[in-house]
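As structure tokens, the structure follows; a few thoughts come after it.
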Amino acid sequence: MYEQLLAAIESGNQVLLQEVLEQQPELINMVFEELEATPFELALKYGFSTLAENVINRDGFDLNHDGHNPLRLAIDLGFLNIAKTLLHKGANPNYRPQQMSSALLLCLDNEYFELAELMVEKGAEVNIRNDKGWTPLIWASMKGRVKAVEFLLKHGAAVDVCNNDGWNAVTGAYFKQRLEVVDKLLAQGAVFSAKYSEAAMLSAYQNGHVNITKKLLADGVNPDVENEDKETMLIIAVTKGDEKMIKALIAAGANPNARNKDSHPALSLLAQNGKNELMSLLIDKGADVNLQSKSGRTAANWAATYNQSSTLEFLHSSGANLDLRNENGWSPLMIAAGSGYLESVTKLVELGANTEFESKKGNTAQDIAKSNAPKHGESSRINGDYVYPLLNTSYKQVMDYLSGTREQ
């Protein structure tokens, strides 16, 4: 009867099939060992849908045959009416073979949404996980399958379930740049999985997704996450000149003394551009106004470098030591004088900067201004040295000012 049953299925012979099963009804669920398939499976694989329907309508047919699930096969091969029949007869919509996706996920993958509705109605679990912990929502989100995501959310899929690697739906969607899906998940209250939230926030900011960045900050993600150069997001924002993000990071508790890859503190970077308001926010949060880089440069040092006289005054009022020198022995006054910045030189002297300091080479601020000053005309010899007349530039004005100050 084995050979006759196989012959009936392979030829699509319904009469012979019926005769065999009437004589030996227990063969309805047998497995053809060489083919590793049941009569139902073979019928569907050969495309004999009417034969398959006859099989499932016979008494004793196993709707949930372990290892040979009829429902999943019907969906996989696209026999949707047979799948519906199986569901109405009581097939388990949550059957999940090892190393394979669930029947519901298979349905969504093929966008059989009407059948998926029936599966949910018959008890399909929208949060079913496979061996790796993937739910249909995680899969659909990472694949960017918007309609499937909408279907699952409509039916109450849990947005924060994680797979075995710690990814949830919104985390996966973001790293796959499925931004439309990310927006939908965030609107449903999704939060990035803790394991990857810091990386997601950094990546979001680096790629210009400010809303996602702010959402993660608001959710309490560590604002001091670092990039490959060990620079925090505060340093990245300062480098970009992103004042709104700087304020958001400060408010979120970012380290106010964070440094860039060259060891310059955030305060020093802001001082270069005279960002006194932002500097004030950092100082209020504990930024050290005298913090030096590896080369000894302070915020005042940088303010002098860029002629930010109002910043020098602000730093002084905030307790900065305007006489701290860098590794070459240069004070802010020397730096300002060396660039001919009369405004900053004047401000520093007014604030009490030491005019007598000497660099490691033994030069005062006045000496440095003189050395860097443009010269013109024919030289004259004075005390054995050739001396060129100075042009009337800001350098000369700095020299004259410092000369008068030192004489006092």
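The values are calculated or read from the model by the stated rules, or taken from the named source; none is laboratory data. Given the structure is predicted, the values throughout are model-derived calculations rather than measurements. For neighbour counting, all protein chains shown are included, and Cβ atoms are generated from backbone atoms with ideal geometry for every residue, glycine included. Calculation scope for accessible area: heavy atoms of the full protein, side chains included, ligands and nucleic acids excluded. Shrake-Rupley method; radii C 1.70, N 1.55, O 1.52, S 1.80 Å.
With only alpha-carbon atoms counted, please give the Rg and Dmax of the range 170-210, in Å.
9.3, 25
If Lys and Arg each add +1 and Asp and Glu each add -1, what is the summed charge of the other residues whose beta carbon sits under 13 Å from the beta carbon of G274?
-2
For the range 114-243, with only Lys/Arg (+1) and Asp/Glu (-1) charged at the beta-carbon, what is the dipole magnitude about the Cα centre, in debye rounded to 20?
So the magnitude is around 400 debye.
Would you grab the residues whose amide H sits under 5 Å from the one on A37? Only those 5+ places off in sequence or on another chain, please, with H modelled 1.01 Å from N.
For A37, the qualifying residues are F32.
Nothing charged except the Cβ atoms of Lys and Arg (+1) and of Asp and Glu (-1): what's the magnitude of the dipole of the range 288-363 about its Cα centre? Round to the nearest 20 debye.
280
Could you please state how large a percent of the accessible area of the chain is carbon and sulfur, counting protein chains only and using a 1.4 Å probe?
Using a 1.4 Å probe with all protein chains present, the chain comes out at 43 percent carbon and sulfur.
Need one number for the range 108-160: average projected area of the convex hull over its C-alpha atoms, nm².
Computing the convex hull of the Cα atoms and averaging its projections yields 3.5 nm².
Can you sort S141, S394 by 1.4 Å-probe accessible area, starting with the largest?
S394, S141
Net charge near E231: determine it from the other residues with C-beta under 13 Å of the C-beta of E231, scoring Lys and Arg +1 and Asp and Glu -1.
Taking every other residue near E231 into account, the sum is -1.
Residue by residue through the range 249-254, which ³J(HN,Hα) values in whole Hz follow from phi under the Karplus form 6.51 cos²θ - 1.76 cosθ + 1.60 (θ = phi - 60°), with glycine and proline marked x?
Result, ordered by residue: 5, 4, 5, 7, x, 4 Hz.
Counting only heavy atoms of protein chains, what accessible area per residue, in Å², does the chain have with a probe of 1.4 Å?
It amounts to 48 Å² per residue over the chain.
Could you pull out every residue, at least 5 positions away or on a different chain, whose amide H is within less than 5 Å of the one on M100? Hs are placed 1.01 Å off N in the peptide plane, and Pro or chain starts have none.
D131
Excluding V181 itself, calculate the net charge of residues whose Cβ lies under 15 Å from the Cβ of V181, where each Lys or Arg counts +1 and each Asp or Glu counts -1.
Computed value for this residue: +4.
Please work out the ratio of the alpha-carbon Rg of the chain to 2.2 N^0.38 Å and round it to two decimals.
Here the Cα radius of gyration is 1.77 times the empirical estimate.
Could the peptides 349-356, 128-135 be put in order, highest first, of the mean number of other beta-carbon atoms found within 10 Å of their residues?
The packing order, highest mean first, is 128-135, 349-356.
If ligands, DNA and RNA are left out, what is the accessible area of K244 with a 1.4 Å probe, given in Å² to the nearest 10?
Number for this one is 150 Å².
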